Amino acid sequence: MIPFYALIASFLLFRGVGLLGLQYWNDWQTALQWAIAVMLLLGASAHWGRRRPDLVRMVPPVFPGKEWIVTVTGMLEITGAIGLLLPAVSLAAAVCLVVLLTAMLPANIYAARNQLMIGGKPVPKLPVRLAIELVFIAAVLLASPLI
């Protein structure tokens with residue numbers, strides 16, 4: 001839930017700064033791109049911090065190399081966050097982020113169905129988890145140059 005809250009709070013902050021007159025932040029799409037970057041960087045930090053063992057447990061048993069998967073997805077989140085902010089590659093980054101978020105969905109479903117914990121707190125129930133994932137995907141699509 002923390003990445004979800006970070007997305008909402010940072011979007012409101014960046015958008016508010018734009019409404020106060022800072023020209024760069026005046027565009028809602030730019031504010032959303034930066035908010036997604038904040039969300040992704042925050043989420044990626046868990047891939048190497050205290051929550052790493054929780055993320056490793058989230059990877060369904062059918063997938064080998066759980067540690068490797070967690071490391072790579074963290075690196076891809078960082079890469080996507082940076083890429084989304086660079087106009088030359090933001091479209092490609094958005095497409096890749098949608099693919100990444102979709103690819104990580106089995107871990108989120110597994111975690112919800114098995115009532116796993118992240119940072120000592122239970123993961124959201126499956127309907128909530130799916131809704132959050134759809135919000136993340138929709139945000140990336142709305143922040144992309146396609147819109």
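Every read-out reported here was derived from the displayed coordinates using simple, explicitly stated rules and does not represent laboratory data. These numbers come from a predicted model, not from an experiment. Ideal geometry is used to build each Cβ from the backbone, glycine not excepted, and the neighbour counts take in all protein chains shown.
Taking 7 Å steps out from each Cα toward its Cβ at Arg50 and Val135 produces label points 2.4 nm apart. Sorting the segments 74-85, 28-39, 46-57 by their mean number of nearby beta carbons within 10 angstrom, highest to lowest, gives 28-39, 74-85, 46-57. In this structure the amide hydrogen of Ile118, modeled in the peptide plane, comes within under 5 Å of the amide hydrogens of Val123, none closer than 5 places in sequence on its chain.
FRET efficiency for Ile82 and Thr30, Cβ-Cβ distance as r, R0 = 22 Å, nearest 0.05? For R0 = 22 Å, the calculated efficiency reads 0.90. Going through (i) 51, 45, 29; (ii) 43, 30, 27; (iii) 49, 28, 26, the figure that equals Cα extents along the principal axes in Å as computed for the structure here is (iii).
Apply the a/c threshold of 1.5 to the C-alpha gyration tensor of the range 78-147 and tell me whether it is rounded, prolate or oblate. Note, shape of the range 78-147 comes out prolate. Projecting the Cα atoms of Leu146, Gly80, Phe136 onto the charge dipole of the chain (Cβ charges, centred on the Cα centre) puts Phe136 farthest toward the positive pole. Placing a pseudo-label 7 Å from each Cα along the Cα-to-Cβ vector at Ile8 and Val62 gives an inter-label distance of 3.2 nm.
Computed 3J(HN,Hα) for the range 100-111, one whole-Hz value per residue from the Karplus formula 6.51 cos²θ - 1.76 cosθ + 1.60 where θ = phi - 60°, is 4, 4, 5, 5, 7, 4, x, 5, 5, 5, 4, 5, glycine and proline marked x.
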